[in-house]
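For reference, the structure discussed in these notes is given below.
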Amino acid sequence: MIFYDRKPSIRAHAYELLSRHLPENLPARTTLLKDASIIRAGEFGEKRVDQLLSPFASDECLIGFNLIFPFDGETIQIDHLLLTPSFALTIETKHLKGHILLDLENEQMYRHEPDGSIFTSTHPSLQTERHRKGLLQLFKKMNIDLPIYSLITFTHQNVHLEAVGTHTVLPKEICRIERLTMKLRELCESDLPPKMTPDQLLHVSQTLKTYTVNEKIYNTLERLNLSYSQLIPGVWCHQCAELSCIWTGRRFRCLVCREPNDETYQDTLFVYLTFVSDSIANKQARMMLKLARPGTARILMLRAGLEPFYKTSKRFYRMNKPFRAN
Ligand SMILES: [Zn+2]
């Protein structure tokens with residue numbers, strides 16, 4: 001059975017929303033949009049793997065998609081997790097195209113870009129090692145002793161993988177998507193002794209679910225060397241694709257096309273609450289939404305479902321339920 005279904009990435013969505021509030025010519029804006037499109041491409045690859053795995057789902061093979069667990073003060077994101085009575089398996093999906101060079105000694109994976117630059121990322125084997133450590137910690141907490149295996153699969157049809165350095169052979173856990181089902185069957189057919197019953201396994205999967213957390217977005221402004229003062233305030237017009245709405249006649253209306261935009265001010269608040277601070281005061285809300293009156297800002301924040309609270313006797317607002325991308 002599938003015990004945990006895929007939820008779309010809020011990070012890609014949030015990056016796209018943030019980019020609306022950055023000057024067009026800012027390199028950080030390009031970086032953000034590129035990151036967002038990499039995440040979206042990754043999701044495409046992950047869904048292909050979901051489809052391949054689904055036929056394996058049974059009472060003795062419980063599958064979870066895109067599970068995020070706390071680990072080491074940060075989080076680990078496991079693209080796919082299989083739980084069987086004899087073993088657990090994490091699968092990491094990479095949807096990259098082109099000539100990918102994998103350098104285990106230097107802990108890197110990279111690709112030469114046509115413009116002469118180099119795309120680099122952590123070697124996926126190190127990523128899965130971290131996933132395994134995080135999962136092991138959870139298993140310990142639950143008092144279960146299940147060996148954890150990992151596979152890394154490259155899903156893009158136009159990918160060429162090459163191991164460089166002293167190890168010119170790809171690590172065994174890395175394969176192209178075409179080889180994934182075969183690798184899985186090998187694991188399922190290996191005679192690993194069962195450690196638990198299907199009932200116990202179900203219990204494990206349900207407990208794991210309670211440990212999941214929402215995707216976190218870490219220090220994006222800092223990473224991109226951006227400051228809050230660089231954010232352009234305003235409310236987005238869907239029609240014109242710019243921050244061209246103003247509050248007039250009790251609603252946000254675009255100055256250019258005159259269309260009303262009743263929801264997009266929430267995106268502006270979301271950007272502030274995600275990237276600047278997890279709470280917002282009336283003054284900042286007025287500035288970001290370009291409002292004159294505190295009363296309007298207050299009503300709009302409540303309408304957006306923000307929760308008021310007091311901090312140092314001053315009123316702030318925050319998101320009371322975690323945001324999920326559609
Ligand atoms: Zn417009």
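Rule-based calculations on the coordinates, nothing more; no lab input. The shown structure was predicted, so the numbers you read here are calculated from the model rather than taken from an experiment. Backbone-built Cβ (ideal geometry, glycine too); neighbour counts: all protein chains shown.
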Ignoring the sites themselves, what is the longest stretch of the chain with no chymotrypsin sites (Phe, Trp or Tyr not before Pro) in a DSSP loop and at most 16 other beta-carbon atoms within 10 Å? 1-217
Starting from the Cα gyration tensor of the stretch 123-226, take the square roots of the eigenvalues, sort them a ≥ b ≥ c, and report rounded, prolate or oblate (rounded when a/c is under 1.5, otherwise prolate if a/b is larger than b/c, else oblate). oblate
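Quick one: dipole size for the chain, taken about the Cα centre, charges +1 on Lys/Arg Cβ and -1 on Asp/Glu Cβ, in debye to the nearest 20. Intermediate values should be presented prior to the final figure.
Values: 42 positive and 36 negative charges, 393 e Å.
My answer is approximately 1880 debye.
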May I ask which residue of 256, 299, 170 lies farthest towards the positive end of the charge dipole of the chain, with charges of +1 (Lys, Arg) and -1 (Asp, Glu) on Cβ and the Cα centre as origin? 299
Just want to confirm a number: the relative contact order over the chain, from Cα pairs under 8 angstrom separated by 6+ residues, in percent. 16
Rounded to whole angstrom, the alpha-carbon centroid of the stretch 202-218 lies from that of the stretch 247-317 at a distance of 32
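Relative to the present Cα-Cα distance, how much length would full extension add between residue 223 and residue 5 at 0.36 nm per residue of separation? Please report the intermediate quantities before stating the final value.
Details: separation 218, 0.36 × 218 = 78.48 nm, distance 3.06 nm.
Result for the pair: 75.4 nm of gain on full extension.
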I need the phi-derived Karplus couplings for the stretch 114-122: 6.51 cos²θ - 1.76 cosθ + 1.60, θ = phi - 60°, integer Hz, Gly and Pro marked x. x, 7, x, 7, 10, 7, 10, 7, 5
What distance in nm lies between label points placed 7 Å from Cα along the C-beta direction at residue 31 and residue 263? 3.1
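Run the numbers for residue 299 and residue 320: contour at 0.36 nm per residue of separation, minus the present Cα-Cα distance, in nm.
Values: separation 21, 0.36 × 21 = 7.56 nm, distance 1.60 nm.
Computed gain between residue 299 and residue 320 is 6.0 nm.
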Inter-label distance for residue 120 and residue 161, nm, one decimal - labels placed 7 Å from Cα along Cα-to-Cβ: 2.2
How high is the relative contact order of the stretch 61-165, in percent, with contacts defined as C-alpha pairs under 8 Å that are six or more residues apart? 32
Using +1 at the Cβ of each Lys and Arg and -1 at the Cβ of each Asp and Glu in the stretch 1-117, identify which of 109, 49, 85 lies farthest towards the dipole's positive end. 49
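At 222 nm, what value in deg cm²/dmol follows for the chain if DSSP H runs of at least 4 each add -39500 (n - 2.57) and the sum is divided by all its residues, to the nearest 500? Provide the component values of the computation, followed by the final result.
Working: 9 runs with 108 residues, N = 326.
My calculation for the chain gives -10500 deg cm²/dmol from helical runs alone.
Taking every DSSP beta bridge with both residues inside the chain, roughly what % is antiparallel (nearest 5)? Provide the component values of the computation, followed by the final result.
Details: 37 of 54 bridges.
Looking only at bridges with both residues in the chain, the antiparallel portion is about 70 percent.
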Cross-link pairs 34/94; 7/34; 34/290; 94/172; 140/172 - those with Cα-Cα distance over 18 Å: 7/34; 34/290; 140/172
Using Cα centres only, tell me the gap between the stretch 167-201 and the stretch 11-31 in whole Å. 40
Taking each pair of distinct Cα atoms in the stretch 233-319 once, what is the resulting Kirkwood hydrodynamic radius in Å? 13.0
With a cut-off of at most 12 other beta carbons within 10 Å, and DSSP calling the residue loop, which trypsin sites (Lys or Arg not before Pro) in the stretch 132-197 qualify? Please list them. 172
